[in-house]
Amino acid sequence: MKELLVHKYSALVAAVAVGTLVTGCGSDKATEKDWRSIDACALVEPEQVSKIDYSRPNHPEPPTPKRADDQDGVRCKWNSDVLPVLSISIYDFPDRDVVNSTPPPAWATPVRELDIDGRKAKVSEEKGGRCSLWIVFRDANMDILIDPDSGKTTIDSEDRSHASCDAQLPLLKSILAKANLP
């Protein structure tokens, strides 16, 4: 009789544990954000673009965002004439064999790592105010390019110090907070 009670008790505990795990997994999945649902153009406010854009008296309006989504990613560019002032791309992971190859390809070799509110970003270029970096999320990558007008930055055009991306930390933090990816 004692064995029967122990077996029934064990089965009940196992059922509750499995039920809790399944319920927890389901609710986590339901609240996770799918990177494909993100509007990359909505990650930046017009005022934020106006702080870095190439607007001049003959071009007083900041550039309008241009969306370019496809099955591989969601993208937005703010171009001023021909140059992107700001570009955000969120896309699926590239081929993991390429990412894990030794030596890594040139595009995958970061200049440094930058901490953005606890999230590690890999800086691929940092010069004269220009900041290019990528962030790896659980299910996607995000590339961000910020290339401010030289008249809207105090960083010398040949400066390769950390100043270029450090100056863009408020914008980078805002983008990541709005994206809110796991």
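The values are calculated or read from the model by the stated rules, or taken from the named source; none is laboratory data. This structure is a prediction, so every number in the text was calculated from the model and none was measured. When we count neighbours, we look across all protein chains shown, and the Cβ atoms used for this are built from the backbone with ideal geometry, even at glycine.
How many of the residues in region 30-56 are of a type in the set (A, V, I, L, M), touching a helix residue (DSSP H, G or I) at 6+ places or on another chain (Cβ under 8 Å) and at pLDDT below 90?
The number of residues fulfilling the criteria is 1.
I'm trying to understand the selection: among the residues of region 143-173, which are assigned to a loop (DSSP other than H, G, I, E, B), of a type in the set (V, I, T) and crowded, with 16+ Cβ neighbours inside 10 Å?
T153, I155
How many of the residues making up region 57-98 are touching a strand residue (DSSP E or B) at 6+ places or on another chain (Cβ under 6 Å), modelled with pLDDT under 80 and in a loop (DSSP other than H, G, I, E, B)?
1
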